[in-house]
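First up is the structure itself, then whatever we jot down about it.
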Amino acid sequence: MISILIADDHKLIRETWTFILNRDTRFKVIGNCSNSEEAVKMSKDKKPNVVLMDINMTPFSGIEATRQIREVSPETHIIAVTMHSQPAYAKKMLQLGASGYVTKNSSREEMVTAILEVSQGNKFICTEMKELISEANEDPSSMSAINTLTEREMDVINLIKQGSSSKDISLKLDISIKTVEVHRHNILKKLKLKNAASLIHFMNSSSILS
């Protein structure tokens, strides 16, 4: 039986996956948590076979939690379960030791396959991500530029896409407006764009940031 820890900041998601997975005799959900610090501690104590890790966690991200879990429980396999469908996020997670990447658009069947694959020591990337990575590879210059973005810059981009102002972003990310403006400047510089309008056009036209 494959033991599973679910780390997600949404209670409904944790309860839903616990219910679904515990109905399958191959799996046993041995715990769930709502923050990254607890995810690391529970992984150290319980040594689950698989952790389903949301990227958007507090007090630090699921990306950092993945790095720490790999240190305290190296035998645990981690699957990123996230709303982010950017190849850059998948790349960061896999570089830090995650074995799988599944978006929240994935089906139950795809999640089950992911758990089975990573528990056997294999890598798994969901169909949606594979297609986006394939498209991104057709535009290597864009992919290269995207990969230079930091995790925080990616967060800022996602909020800009949602129509958030600099003030909104500062509140949501708990950073100053000045820091938001610095991130926006650095994003434009790295992507070689001139202004906010060109950034929005780039985001809307790029499958990498879809």
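Below are the figures for this structure:
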| read-out | value |
| --- | --- |
| Projected label distance in nm at S176 and K190, using a 7 Å step from Cα toward the beta-carbon | 2.1 |
| Sum of -39500 (n - 2.57) over DSSP H runs of 4+, divided by residues of the chain (222 nm, nearest 500) | -17000 deg cm²/dmol |
| Efficiency of FRET from Cβ geometry, S165 and V112, R₀ 45 Å, rounded to 0.05 | 0.65 |
| Contact order normalised by residue count of the chain, Cα under 8 Å, 6+ apart, percent | 14 |
| Fraction of accessible area attributable to carbon and sulfur, the chain (%, probe 1.4 Å) | 51 |
| In degrees, nearest ten, helix 11-22 long axis to first principal axis of the chain (Cα) | 40 |
| Rh (Kirkwood; distinct C-alpha pairs) - the stretch 9-67, Å | 11.9 |
| For the chain, average projected area of the Cα convex hull in nm² | 11.3 |
| The stretch 47-122 - convex hull of the alpha-carbon atoms, volume per residue in Å³ | 82 |
| 0 to 90° range, to nearest 10: angle between helix 196-205 axis and the chain longest Cα axis | 50 |
| Accessible area expressed per residue, the chain, with surrounding protein chains retained (probe 1.4 Å, Å²) | 50 |
| Helix 151-161 vs. the chain, principal-axis angle (Cα, 0 to 90°, nearest 10) | 70 |
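The values are calculated or read from the model by the stated rules, or taken from the named source; none is laboratory data. Computed from a predicted structure; not experimentally measured. No Cβ is skipped: glycine too gets one built from the backbone with ideal geometry, and neighbour counts run over all protein chains shown. Accessible surface areas use protein heavy atoms only, side chains included; no ligands, DNA or RNA. Shrake-Rupley method; radii C 1.70, N 1.55, O 1.52, S 1.80 Å.
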